Amino acid sequence: MAISIAGGVRPGKVIEIERRLYNQLIVGKHKACAMPDELNLELEDNANKLDIERKALKRRIEKQTNENSVYLDVSAQLTNTVNCTIENTLTYPQMILDASGSSESQILLLDLLLEPDVNINRLRPIIESISWLSRDLINLINNPTSVHLRPNHADVQVTDIKLGLNYIGIENLRLLIPYFCLRHWLPSDNANLFWVTRKLWRYSMISAIAAQALAKLQNKDPNLVYICALMYQFASSIILSQSGHIFDRIKGTWLSEASHDRDKQVYDAILATDFPAQAVLEQVMQHSHCLNWQLLSLLKFDDSPITQVLKELDQNYHFTELSVDAAMVAKASCYAKVLLLEEQQQIDPQEKRIMFDYYQFSEQELIRLKGQNFRKLDLL
């Protein structure tokens, strides 16, 4: 007789499969397709060039025994320095928060969007105080693909945020503000992390769309689970972004010193050193779920429903112990993991069944999610 694993102690196999997904996102070498509304598409060329140049430099170094020895020593020292700095930074949540650019006003917006009767006039001054958010919303309105958001499909350019917000409306803002917040926290300006960012962004969007669909199926308000599904990658995004900045800063300092010393072997060894993706993966696996709610607590949002759901997802060991909202977020995340692993042929049917059994998917839920369009939000 088979023993049911539904919802109890998380089996080692479930943990291994979930880690496999994060390994694919952060360490995996495959290049994901662009998502709609992709940021910094010009970075794709830079990322490809950087990868080609680094590989060519490594091949040249490997052909020279002496240079290869220098490369191995220097690269190991540089990587160790970067890893130690990242690890030290992650022991101080306030330091992470300060460096991330995340602010009380951003989280306040997310919290206000959960109110059933939120007033757009209350949101506007907060949005106006966040320059990148105002810019993103105005750009969205002026995008030719968003003509349906403008009255009578008018072909006008909007410059006033007050007018733009009225065009968009509260219900669309409930989708867009969390969407733009997570996109802002992702390391979108770093060529070393371009493919990681694209993959993590897609995973986040699939999770959020799945959470919406599950909530609607259960006749629940989808706003909280949608926001929490995106915020589930809040700390992962910040860890990756800060790790990228630390790597670039330390590598840049070492390159300057090698250039000053006119040591071409050392300079090339530094230049050929890869971003320490494997070590950063370990930090994400160790810290991200805990930091999700700790960072919100530091911003004084302990009582927020968002913080409470993220705290549950970190601290409750059994799926059956989760609240309805936290369970939907966990299910949505599970479905996104399975979908992405299937695309890369990294999960077999038995493993897929184990995941769905543990997270207690009903046949109706699986049918609904199978028919879902995960390429874009309904609005976009």
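Taken together, 346, 308, 278 contain a single residue that is assigned to a helix (DSSP H, G or I), touching a residue at least 40 places away in the same chain (Cβ under 8 Å) and on the phi < 0 side of the Ramachandran plot, which is 278. In the set 326, 332, only one residue is within 21 Å of residue 206 (Cα to Cα), of a type outside the set (D, E, K, R), touching a Ser or Thr at 6+ places or on another chain (Cβ under 8 Å) and crowded, with 21+ Cβ neighbours inside 10 Å; that residue is 332.
Checking the conditions here, which among 131, 75 is touching a residue at least 12 places away in the same chain (Cβ under 8 Å) and hydroxyl-bearing (Ser, Thr, Tyr)? Break it down into steps so the answer makes sense when it comes.
Working: 131 fails: touching a residue at least 12 places away in the same chain (Cβ under 8 Å).
Of 131, 75, the one residue that is touching a residue at least 12 places away in the same chain (Cβ under 8 Å) and hydroxyl-bearing (Ser, Thr, Tyr) is 75.
Only one entry in 23, 40 is at pLDDT 95 or above and either more than 23 Å from residue 248 (Cα to Cα) or touching a helix residue (DSSP H, G or I) at 6+ places or on another chain (Cβ under 9 Å) (or both), namely 23.
Residues of the range 166-185 that are open to solvent by less than 10 Å² (accessible area, probe 1.4 Å) and either under 14 Å from residue 118 (Cα atoms) or not in a helix (DSSP H, G or I) (or both): 173, 177. Among the residues in the range 137-154, are any small (Gly, Ala, Ser), in contact with a helix residue (DSSP H, G or I) (Cβ under 7 Å, 6 or more places away or on another chain) and at pLDDT below 85? Yes, there is a match, as at least one residue in the range 137-154 is small (Gly, Ala, Ser), in contact with a helix residue (DSSP H, G or I) (Cβ under 7 Å, 6 or more places away or on another chain) and at pLDDT below 85.
Residues checked against (1) part of a loop (DSSP other than H, G, I, E, B); (2) touching a helix residue (DSSP H, G or I) at 6+ places or on another chain (Cβ under 7 Å); (3) on the phi < 0 side of the Ramachandran plot:
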| site | (1), (2), (3) |
| --- | --- |
| 326 | no, yes, yes |
| 334 | no, yes, yes |
| 352 | no, yes, yes |
| 357 | no, no, yes |
| 361 | yes, yes, yes |
| 368 | no, yes, yes |
| 375 | yes, no, yes |
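Taking the criterion of being over 17 Å from residue 294 (Cα atoms) and in contact (Cβ under 8 Å) with a residue 24 or more places away in the chain, the residues of the range 94-115 that qualify are 109, 113, 114. Screening 319, 356 for residues that are crowded, with 21+ Cβ neighbours inside 10 Å and either aromatic (Phe, Trp, Tyr) or touching a strand residue (DSSP E or B) at 6+ places or on another chain (Cβ under 7 Å) (or both) leaves exactly one candidate, 319. Selection over the range 246-262 of residues that are open to solvent by 80 Å² or more (accessible area, probe 1.4 Å) and closer than 15 Å to residue 85 by Cα gives a count of 1.
May I ask you to verify whether residue 303 is modelled with pLDDT of 95 or more, in contact with a Pro (Cβ under 9 Å, 6 or more places away or on another chain), farther than 19 Å from residue 24 by Cα and acidic (Asp, Glu)? Against the criterion (modelled with pLDDT of 95 or more, in contact with a Pro (Cβ under 9 Å, 6 or more places away or on another chain), farther than 19 Å from residue 24 by Cα and acidic (Asp, Glu)), residue 303 does not qualify. Of all residues in the range 74-126, those satisfying the criterion of being part of a loop (DSSP other than H, G, I, E, B), open to solvent by less than 60 Å² (accessible area, probe 1.4 Å) and within 30 Å of residue 173 (Cβ to Cβ) are 101, 102, 103, 113, 114, 118. Residue 157 meets the conditions (1) under 23 Å from residue 310 (Cα atoms); (2) not in a helix (DSSP H, G or I) in every case but one. The failed one is (1).
Restricting 312, 342 to those that are at pLDDT 95 or above, open to solvent by 70 Å² or more (accessible area, probe 1.4 Å) and among the acidic types (Asp, Glu) reduces the list to 342.
The values are calculated or read from the model by the stated rules, or taken from the named source; none is laboratory data. Predicted model only: the values in this text are computed from it and were never measured. Note that each Cβ is placed from the backbone with ideal geometry, even for glycine, and that neighbours are counted across all protein chains shown. Heads up: the accessible areas ignore ligands, DNA and RNA and are worked out on the full protein's heavy atoms, side chains in. Shrake-Rupley method; radii C 1.70, N 1.55, O 1.52, S 1.80 Å.
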